[in-house]
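J.: Have a look at this one before I ask anything.
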Amino acid sequence: MECGVLLNMRRALQLFILLCLAAQACAASHTLVLVVPVDSKVSDLDSLTVRKLFLGLPVLVDGSLLHPVRNRSDAELDPIFLQQIVAMSQSAYDRQILNGVNRQGWLRPVEVSTTSRVLDTLYADPNTVTFMWLHEVAHNPKVRVIRVLWGD
Amino acid sequence: MRASGLLLLVFLLCPPLGRADPLRYEFLLLPSASAVGTFDRGAENTQIHDEVVQADLLLTLQKGPLKLFGEYLASDHEGDLERLQLGWQVSDDTVLWIGRFHQPTSVWNHDHHHGQYLQTSITRPAIDEWEDLGGVLPQHFTGALLESGATVFKSWRLRTALGGGIAPQLTSEGMEPFDLLRPDSHRHQMGYQARASLHPSEFSETGVGIVFANDEITAVDPHSPEALGFDHVEVRLAGMFANYAGATWKINSTIYNVDTRLYYTGSRRNDSFIVGYVQAERRLPRNLTGYVRWEDSAGAGSSPYLHLFERFARSRRVAGLRWDFLEHQALSVQFANSLTLDGHYNDIRLQWSAAFF
């Protein structure tokens, strides 16, 4: 009888651990992170600088201009980009980009529509800064995660 | 072509400054088409063209901290290289330009430049009008421009600009800026400008500011028999502006005090006038925006300087409606009542404008 209780407790514990792992995996798939190439000079970017970068404003690190890449490989990324990264509506964002080009000759962030192209851009240019789902880059030795931008 | 070619050559010969950086570019096309009809005319000169189809093309090439920025305006009446600037991004907040630029003390033009789509109203205030459309203040200079920004009071933003360069010249047709594509050999003088504005945040359009300019403009043709011996004019401008940009309302207000000294052979005439405007815009349902603008002046009627510009509107009331009917496309209708130095007229305008990139 006592042995059966212990067995049940062990099974419950195993089930709990499994549930925790599953939850962690699930969270990782819904965590958006800011990433740079592993050889990037960027060590940290605060949220204001990230916002500037993706609004097209120039951001230099050690004299190098950073190149933002807007990842549009997943439809779920667009509302997160607008709400969490640039903090404005699509129309306000378009207006900001147009004004930047018209007034200062700023470049808008390059838009990339597949994960493989986002990674290719990261590998090719050490000044690239982009955002990706954590599970897409979690074990990639060529990419460095700078910060968590969003998680559900 | 020589000047623009030289700038391009300098740009291409500087790759060491931007090592390992790919050449990146941005292109923006701002086309528009408009028609205007005037009525109740009591003035000889109203506007130059009744219909205008134009395309404003902007191109940026960037490699590392260097960039080449150009704006070419092509219309069914003319084609002009409006801006051609070689820039060096010194830091996040500072860029140094050389080339032909829009001077920073025109509050309206500093924000809107030539693209019709990016301004709500069809026309700009008379005091900020371009030189080739009867403008009374010089707008295009060829020289150097330093633009900078800094965080002040914790989160407020101070934006500054200092410019200096070759000023336009004054001809019988009005003011003519130095043309990079077709440089002339006439005597040109210099002009200097300064602008500072304070904003509640890095990204805010709301703010207040001041502008100062001192421009020397050479007269190259006699305007009339009375203008014989007219050599040059010194234009001193001091101005203030305040803008509010909310989700529903947008208000722009500017006031300039202009002192001029007209130098003739052996004599000088001084005058002073004040010009200001307020524009209010209200966002309405169904992607509509209504707007009104009131422009007015003091001392304009007696200004010998302003009498060199026949079309200048010393007072104007503007009301209009803009409909953003598609993404990056808008239709506008506008009514205006203008009082010029020699009469008055009303006009109604229709415009389609767009942005493609």
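J.: Being more than 14 Å from chain A (Cβ to nearest Cβ), crowded, with 18+ Cβ neighbours inside 10 Å and not in a loop (DSSP other than H, G, I, E, B) is the filter here, so list the residues in the stretch B:26-54 that pass it.
T.: Answer for the stretch B:26-54, where residues must be more than 14 Å from chain A (Cβ to nearest Cβ), crowded, with 18+ Cβ neighbours inside 10 Å and not in a loop (DSSP other than H, G, I, E, B): B:Ser34, B:Val36, B:Val52, B:Gln54.
J.: State whether the residues of the stretch B:173-182 include one that is crowded, with 17+ Cβ neighbours inside 10 Å, touching a Pro at 6+ places or on another chain (Cβ under 9 Å) and among the aliphatic types (A, V, I, L, M).
T.: Yes, that holds for at least one residue.
J.: Select from the stretch B:55-90 the residues that are away from every other protein chain (no Cβ under 11 Å) and small (Gly, Ala, Ser) and write down the one among them that is surrounded by the most Cβ atoms within 10 Å (Cβ to Cβ).
T.: Checked the stretch B:55-90; the qualifying residue surrounded by the most Cβ atoms within 10 Å (Cβ to Cβ) is B:Ala55.
J.: Same structure, new question: For the stretch B:91-108, name all the residues that are more than 9 Å from every other protein chain (Cβ to nearest Cβ), in a loop (DSSP other than H, G, I, E, B) and surrounded by fewer than 22 Cβ atoms within 10 Å (Cβ to Cβ).
T.: The answer is B:Thr94, and nothing else.
J.: Now for a different question. Restricting attention to the stretch B:135-148, does a residue exist that is touching a His at 6+ places or on another chain (Cβ under 8 Å), within 24 Å of A:Pro58 (Cβ to Cβ), within 14 Å of chain A (Cβ to nearest Cβ) and of a type in the set (S, T, N, Q)?
T.: No, because not a single residue in the stretch B:135-148 is touching a His at 6+ places or on another chain (Cβ under 8 Å), within 24 Å of A:Pro58 (Cβ to Cβ), within 14 Å of chain A (Cβ to nearest Cβ) and of a type in the set (S, T, N, Q).
J.: May I pose another question? In the stretch A:42-57, what count of residues is obtained for those that are within 8 Å of chain B (Cβ to nearest Cβ) and touching a helix residue (DSSP H, G or I) at 6+ places or on another chain (Cβ under 8 Å)? So that I can check it myself, show each step before the final result.
T.: As a first pass, look at the stretch A:42-57 and keep what is within 8 Å of chain B (Cβ to nearest Cβ): A:48, A:51-52, A:55, A:57.
Those still in the list that are touching a helix residue (DSSP H, G or I) at 6+ places or on another chain (Cβ under 8 Å) too: A:51, A:55, A:57.
Total satisfying the criteria: 3.
J.: Let me ask something else. Looking at B:Asp132, B:Asp111, which one is among the acidic types (Asp, Glu), away from chain A (no Cβ under 14 Å) and either part of a loop (DSSP other than H, G, I, E, B) or under 29 Å from B:Thr260 (Cα atoms) (or both)? Give the steps one after another, and end with the answer.
T.: Working: B:Asp111 fails: away from chain A (no Cβ under 14 Å).
Only one candidate passes the filter, namely B:Asp132.
J.: Considering only the stretch A:92-101, I want to know if a residue exists there that is in contact with an Asp or Glu (Cβ under 8 Å, 6 or more places away or on another chain), under 28 Å from B:Tyr72 (Cα atoms) and either in contact (Cβ under 8 Å) with a residue 24 or more places away in the chain or of a type in the set (Gly, Ala, Ser) (or both).
T.: Yes - at least one qualifying residue is present in the stretch A:92-101.
J.: Separate question: Taking the stretch B:183-196 on its own, how many of its residues are surrounded by fewer than 22 Cβ atoms within 10 Å (Cβ to Cβ) and in a strand (DSSP E or B)?
T.: 4
J.: Being of a type in the set (Phe, Trp, Tyr) and over 15 Å from A:Pro37 (Cβ atoms) is the filter here, so list the residues in the stretch A:131-152 that pass it.
T.: Start the filter on the stretch A:131-152 by keeping residues that are of a type in the set (Phe, Trp, Tyr), which leaves A:131, A:133, A:150.
Result: A:Trp133, A:Trp150.
J.: Among the residues of the stretch B:256-287 satisfying the criterion of being assigned to a strand (DSSP E or B) and charged (D, E, K, R), which is surrounded by the fewest Cβ atoms within 10 Å (Cβ to Cβ)? Can you show your working first?
T.: So the first thing to find is which residues in the stretch B:256-287 are assigned to a strand (DSSP E or B), and the list is B:256-264, B:267-284.
Okay, now just the ones that are also charged (D, E, K, R), so B:259, B:261, B:268-269, B:271, B:281-283.
Values: B:Asp259: 15, B:Arg261: 15, B:Arg268: 11, B:Arg269: 14, B:Asp271: 17, B:Glu281: 20, B:Arg282: 13, B:Arg283: 16.
Result: B:Arg268.
J.: Away from every other protein chain (no Cβ under 11 Å), not acidic (Asp, Glu) and not in a strand (DSSP E or B): is that true of B:Leu158 in this structure? Write out each step before concluding.
T.: Values: away from every other protein chain (no Cβ under 11 Å): yes; not acidic (Asp, Glu): yes; not in a strand (DSSP E or B): no.
Answer is no for this residue.
J.: How many of the residues making up the stretch B:162-172 are exposed (fewer than 15 other Cβ atoms within 10 Å of the Cβ) and either in contact with a Phe, Trp or Tyr (Cβ under 6 Å, 6 or more places away or on another chain) or assigned to a strand (DSSP E or B) (or both)? Steps first, please.
T.: Let us first name the residues in the stretch B:162-172 that are exposed (fewer than 15 other Cβ atoms within 10 Å of the Cβ), namely B:172.
Now narrow it down to the ones that are either in contact with a Phe, Trp or Tyr (Cβ under 6 Å, 6 or more places away or on another chain) or assigned to a strand (DSSP E or B) (or both): none.
So the count comes out to 0.
Table: residues versus (1) farther than 16 Å from B:Glu26 by Cβ; (2) surrounded by fewer than 19 Cβ atoms within 10 Å (Cβ to Cβ).
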residue	(1), (2)
A:Asp94	no, yes
A:Val110	no, yes
A:Val118	yes, no
A:Leu122	yes, no
A:His139	yes, yes
A:Lys142	yes, yes
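J.: Tell me which of these B:Gly290 doesn't satisfy, since it passes every other one: (1) closer than 19 Å to B:Val235 by Cβ; (2) in contact with a Gly (Cβ under 8 Å, 6 or more places away or on another chain); (3) surrounded by fewer than 16 Cβ atoms within 10 Å (Cβ to Cβ).
T.: Just one mismatch for B:Gly290, condition (1).
J.: Give the residue that is farthest from B:Ser353 (Cα to Cα), with candidates limited to residues of the stretch B:114-129 that are in a loop (DSSP other than H, G, I, E, B) and not charged (D, E, K, R).
T.: As a first pass, look at the stretch B:114-129 and keep what is in a loop (DSSP other than H, G, I, E, B): B:114-115, B:119-125, B:129.
Then keep just the ones that are not charged (D, E, K, R); that gives B:114-115, B:119-123, B:125.
On the way: B:His114: 12, B:Gly115: 9, B:Gln119: 10, B:Thr120: 10, B:Ser121: 11, B:Ile122: 9, B:Thr123: 12, B:Pro125: 18 Å.
Of everything passing the filter in the stretch B:114-129, B:Pro125 is farthest from B:Ser353 (Cα to Cα).
J.: Now, a different point. Every residue in the stretch B:149-161 that is surrounded by 16 or more Cβ atoms within 10 Å (Cβ to Cβ) and either farther than 23 Å from B:Asn214 by Cα or of a type outside the set (Val, Ile, Thr) (or both), please. Please lay out each step first, then the result.
T.: Narrowing the stretch B:149-161 to residues surrounded by 16 or more Cβ atoms within 10 Å (Cβ to Cβ): B:149, B:157-161.
Passing the criteria: B:Gly149, B:Arg157, B:Leu158, B:Arg159, B:Ala161.
Bear in mind that the values in this text are calculations on the coordinates, not laboratory data. Treat the numbers as computed from the prediction; the structure is a model and nothing was measured. Ideal geometry is used to build each Cβ from the backbone, glycine not excepted, and the neighbour counts take in all protein chains shown.
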